[in-house]
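Structure record follows, encoded as structure tokens.
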Amino acid sequence: MPDRLMLLDSASLYFRAFYGVPDKIKAPDGSPVNAVRGFLDIITKLVTMYEPTHLVACWDDDWRPQWRVDLIPTYKTHRVAQVIDVGPDVEVVPDPLEVQVPVIREALGVLGIPIVGAAAHEADDVIGTLATVAEMPVDIVTGDRDLFQLVDDARGVRVIYTARGMSNLEVVTDATVVAKYGVLPTQYADFATLRGDSSDGLPGVAGIGEKSAATLLAAHGDLEGILVAAAAGEGMSAGVQAKIAAALPYLEVAPTVVAVVKDLPLEKADFRLRPLTAEKRADASALAERRGLGTTIDRIVAALDR
């Protein structure tokens, strides 16, 4: 089997699992485990379908890095919990999900699936770095289209897009991005900057939508080319020039916020999937019994064995 690395956008997947699996799923002690079950079942399906030889659960060590907020204060503002205590921003996470996240991490540890995060960075940045340095084809599993900027047919980097559900996964390649948006993956970050993204609190350029952004990038190549053309008054209408001019303060900082980091100093590690040792199998069985995860653990252990 040829080597292939799979990078999981973990929070994207466990949020999907939480809302997709009935909350009546409980551990013997009555604690919720629907997100745990759903998340592990997602991994089982992905490993079975796409047969990665290497697997990493990429983690949000900081879901809303201050350096991004400093550049664009509205970045993910709508996801911040309203808390009285002064301190780091707290993401809005339902209580029944929050208590399951440590269990998810415990299960990944028992199963030998590495968790990789980086201080002051999001999982997207971990994914961007690992995809960039990988010496094998890469599958990025996410429901976040921001990661389309990493798609690269030449290097075998594609996105397994989950937005339409786990029963309707979409493999995103260069051709997919071009067909959907009229831009190349290398242009996608600039495209997103221009268009904006309400889900991330990015305002975009007022009056510039997806079609306008794609047209500008087709004519001028990238955001820098668009800014040069707008300043020179060439290749665009006066109205578009005015829109670009009005958005200059935003356009000076947004590319840094939108672009995923590709050069984090992550420690080198062996992410190869391996069958569980006898000791780990015993730990997995104990976890399954304690948390009521019997069939879920059985399925994922079988998938790892294959």
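Here are the numbers for this structure:
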| item | result |
| --- | --- |
| Checking residue 53 against (1) touching a Lys or Arg at 6+ places or on another chain (Cβ under 6 Å); (2) within 30 Å of residue 196 (Cβ to Cβ), the condition it does not meet | (2) |
| Count of residues meeting criterion [under 17 Å from the mean Cα position of the chain (by Cα), surrounded by fewer than 16 Cβ atoms within 10 Å (Cβ to Cβ) and closer than 18 Å to residue 154 by Cα] in the range 166-185 | 1 |
| Selected residue (only one of 177, 205, 240 is at pLDDT 95 or above, assigned to a helix (DSSP H, G or I) and more than 30 Å from residue 55 (Cα to Cα)) | 240 |
| Test result for residue 26, closer than 19 Å to residue 141 by Cβ, basic (Lys, Arg), surrounded by fewer than 21 Cβ atoms within 10 Å (Cβ to Cβ) and out of contact with any helix residue (DSSP H, G or I) (no Cβ under 7 Å at 6 or more places or on another chain) | no |
| Hits in the range 140-153 (condition: crowded, with 24+ Cβ neighbours inside 10 Å and either of a type in the set (D, E, K, R) or under 18 Å from residue 271 (Cα atoms) (or both)) | 140, 141 |
| Helices (runs of 4 or more DSSP H) fully within the range 1-95 counting 1 or more residues that are at pLDDT 95 or above and within 26 Å of residue 274 (Cα to Cα) | 10-20, 34-50 |
| Residue in the range 246-260 that is touching a residue at least 24 places away in the same chain (Cβ under 8 Å) and over 30 Å from the mean Cα position of the chain (by Cα) present | yes |
| Any hit, the range 160-168, residues being assigned to a helix (DSSP H, G or I) and either without any contact (Cβ under 8 Å) to a residue 12 or more places away in the chain or within 20 Å of residue 52 (Cα to Cα) (or both) | no |
| Complete set of residues in the range 36-61 that are surrounded by fewer than 20 Cβ atoms within 10 Å (Cβ to Cβ) and in contact with a Gly (Cβ under 8 Å, 6 or more places away or on another chain) | 61 |
| Candidates 212, 237, filtered to the one that is under 26 Å from residue 73 (Cα atoms) and small (Gly, Ala, Ser) | 212 |
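The values are calculated or read from the model by the stated rules, or taken from the named source; none is laboratory data. Quick caveat, the model's predicted, so the values are computed rather than measured. Positions of Cβ are backbone-derived with ideal geometry, glycine not excepted, and every protein chain shown enters the neighbour counts.
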